[in-house]
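Shown next, in C-alpha cells, is the structure this report addresses.
The values are calculated or read from the model by the stated rules, or taken from the named source; none is laboratory data. On a predicted model such as this, the values are computed, not experimentally measured, just so you know. Cβ sites come from the backbone with ideal geometry, for glycine too, and all protein chains shown count toward neighbours. Keep in mind that these areas ignore ligands, DNA and RNA; they rest on the heavy atoms of the full protein, side chains included. Shrake-Rupley method; radii C 1.70, N 1.55, O 1.52, S 1.80 Å.
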Amino acid sequence: MKAIGYYAPLPIDDPASLQDLTLPEPVAGPRDLLVRVSAISVNPVDTKVRRNAAPEAGQAKVLGWDAVGTVEAVGDQVTGFRIGDRVYYAGSITRPGANAELHVVDERIVARAPQSLDDAQAAALPLTTITAWELLFDRLGVPQGGGAGQTLLITGGAGGVGSILIQLARQLTQLRVVATASRVETRQWCLSLGAHAVIDHSKPLAAELKAAGIGQVDLVASLTQTQQHYAQIIESLKPQGKIGVIDDMAVLDAMPLKTKSLSLHWEMMFARSRFETPDMAEQGKLLAEVAALVDAGRIRTTANASFGTINAANLRRAHALIESGKAQGKVVLQGF
C-alpha cells in the first residue's frame with residue numbers, strides 16, 4: 001500500500017523528513033477495523049512526533065491522527081461496525097498513523113462520519129473534537145447545558161482545537177466565550193464560530209479583558225504558548241478558577257496557583273487509547289454525538305485549507321504551515 005513516513009527526525013525543509021513509501025498492508029486485530037483511508041488532516045502532534053521520535057533502525061514511522069474512510073474488514077470481536085461503513089476517528093499514538101491507504105484502528109474510538117460533510121471536511125474534526133470535548137466537559141468539568149454566569153477564555157481560538165471548542169461551548173453550554181486572536185482574519189474566524197468576544201493575545205491578557213469590559217474569568221482553556229501566557233492567565237482568573245492545558249512547556253511552576261486556589265487540568269486525548277482505559281469507548285460516543293450535531297447544522301467543519309492529494313510533498317507543506325504557527329482552522333488532504 002502507499003504510505004507517507006520517515007526514517008529519521010529531520011527539519012521539514014529536508015525532502016527526507018516525509019517520504020512516499022510502499023509498505024505491507026496491515027491486518028485487523030480482534031477489536032480493530034481495517035479502514036481504506038480517503039482523507040486526513042494534520043495536527044501539531046504530527047509535527048512534534050516527526051521532529052522528536054526516531055523510528056526503530058531501518059523501520060519507517062507513519063504519522064497521522066485524523067482520518068475518514070470506509071471499513072474494509074472487521075476483527076472477530078467487533079460489534080459496532082460493518083464492512084462498508086464510512087467512519088471518522090483520530091486513532092492511537094501508540095500505533096502506526098493514518099497517512100496510508102489502509103489503516104487499522106480500535107472500534108471503540110471510531111464513529112460513523114457526519115453524513116452532511118464530504119470526506120475532507122469530516123477529516124478535520126476527530127482529534128481536535130475529542131481534545132476540546134474532554135477539555136471542556138471532563139477536565140474543566142462544565143456540565144452540558146451548564147456554565148450560566150461563567151466566562152471561558154480560550155487562548156489560540158483560531159487554531160484547530162480552539163475552532164471546535166468555541167462551537168462546543170456555544171452550542172452545548174451557557175458559558176460566555178472569549179477567544180484570543182492577533183490578526184484581523186483570525187479574529188473574524190473566531191467570531192464567525194460563535195465567540196462572544198475576541199481579545200488580542202499579543203498584548204497582556206488581563207489588560208485586554210479589562211479593556212473589553214470582561215474583567216476576570218472563571219475558566220481558561222490554554223491551547224498554545226501556555227508558558228508565555230502563564231502569569232497573565234493566573235492574573236486573569238477569578239479565585240478558585242480552573243485552567244485547562246494541552247500544550248507542552250519546558251517547566252511548570254504550580255506554586256503561583258496557590259494564592260487564588262486555582263486548579264490546573266491536563267488534557268491528553270491519547271490517554272484513553274494509550275492505556276485502554278475502561279471508558280475508552282467514550283471517544284467513539286462523543287464523536288457520534290458531534291456527527292449528529294454537524295448533521296443538525298449546529299456544528300460546522302473546521303477545515304480551512306486543502307493541500308491536495310495525500311503524498312509526501314503535500315504533507316511537508318502542511319507540516320510547514322503548522323510549524324509556522326499561522327494555521328487557521330485545519331489543513332486537510334484527500335485521496336491517494
Could you work out the helix-only [θ] at 222 nm for the chain, with each DSSP H run of four or more residues adding -39,500 (n - 2.57) and the total divided by the number of residues, to the nearest 500 deg cm²/dmol? -8000 deg cm²/dmol
Taking the Cα centre of the chain as the origin and placing charges on Cβ (Lys, Arg +1; Asp, Glu -1), which of SER222, ALA120, ASN311 is farthest toward the positive end of the dipole? SER222
Neighbour net charge for ILE246 - beta-carbon separation under 10 angstrom, K R +1, D E -1: -3
Ignoring everything but the protein chains, give the 1.4 Å probe accessible area of MET249 in square angstrom, nearest 10. 40
Would you list the P(r) distribution for region 1-61, with all Cα-Cα distances sorted into 10 Å bins from 0 and each bin expressed as a whole %? 19, 45, 33, 4
Accessible-area composition of the chain, carbon plus sulfur, in percent [1.4 Å probe]: 51
Taking every DSSP beta bridge with both residues inside the chain, roughly what % is antiparallel (nearest 5)? 55
If you take every residue apart from LEU293 with its C-beta less than 15 Å away from the C-beta of LEU293, what net charge results, scoring Lys and Arg +1 and Asp and Glu -1? +3
Kindly report the accessible area of the chain per residue (heavy atoms of protein chains, probe 1.4 Å, no ligands, DNA or RNA), in Å². 42
As I understand it, the value is the acute angle between the Cα axis of helix 312-324 and the longest principal axis of the Cα atoms of the chain; what does it come to in degrees, rounded to 10? 10
Please report the accessible area of ARG170 (heavy atoms, 1.4 Å probe, ligands and nucleic acids excluded) in Å², nearest 10. 100
Is there a quick way to get the dipole size of the chain? I mean about its Cα centre, with the Cβ of Lys and Arg at +1 and of Asp and Glu at -1; what is the value in debye to the nearest 20? 820
Which of the lysines could a cross-linker span from LYS203 if the Cα-Cα distance has to be under 18 Å and same-chain partners fewer than 8 positions apart are dropped? LYS326
If I take every Cα pair under 8 Å that is 6 or more residues apart in the chain, average their sequence separation and divide by the length, what percent do I get for the relative contact order? 20
Estimated distance in nm for a label pair at GLN225 and ASP279, the labels positioned 7 Å out from Cα along Cα-to-Cβ: 3.3
Residue-wise, which Karplus ³J(HN,Hα) couplings in Hz belong to region 224-238, taking 6.51 cos²θ - 1.76 cosθ + 1.60, θ = phi - 60°, and x for glycine or proline? 7, 6, 4, 4, 5, 9, 4, 5, 5, 4, 4, 5, 7, 8, 6
Got a sec? What order do LYS326, LYS48, LYS2 fall in by accessible area at 1.4 Å, biggest, i.e. largest, first? LYS326, LYS2, LYS48
Whichever lysines have a C-alpha closer than 18 Å to that of LYS61, once near sequence neighbours (fewer than 8 apart) are set aside: LYS2, LYS48
Would you kindly find the accessible area of PHE336, with a 1.4 Å probe and non-protein molecules such as ligands, DNA and RNA excluded, rounding to the nearest 10 Å²? 70
Going by amide H atoms built from the backbone, whose H comes under 5 Å of the H on ALA73, apart from near neighbours? LEU34
Karplus 3J(HN,Hα) series, Hz, for region 175-186 with 6.51 cos²θ - 1.76 cosθ + 1.60 (x for Gly, Pro): 5, 7, 10, 10, 10, 10, 7, 10, 10, 4, 5, 6
Calculate one ³J(HN,Hα) per residue across region 276-281 by plugging θ = phi - 60° into the Karplus curve 6.51 cos²θ - 1.76 cosθ + 1.60, and present them in order as whole Hz with x for glycine and proline. 6, 5, x, 9, 3, 5
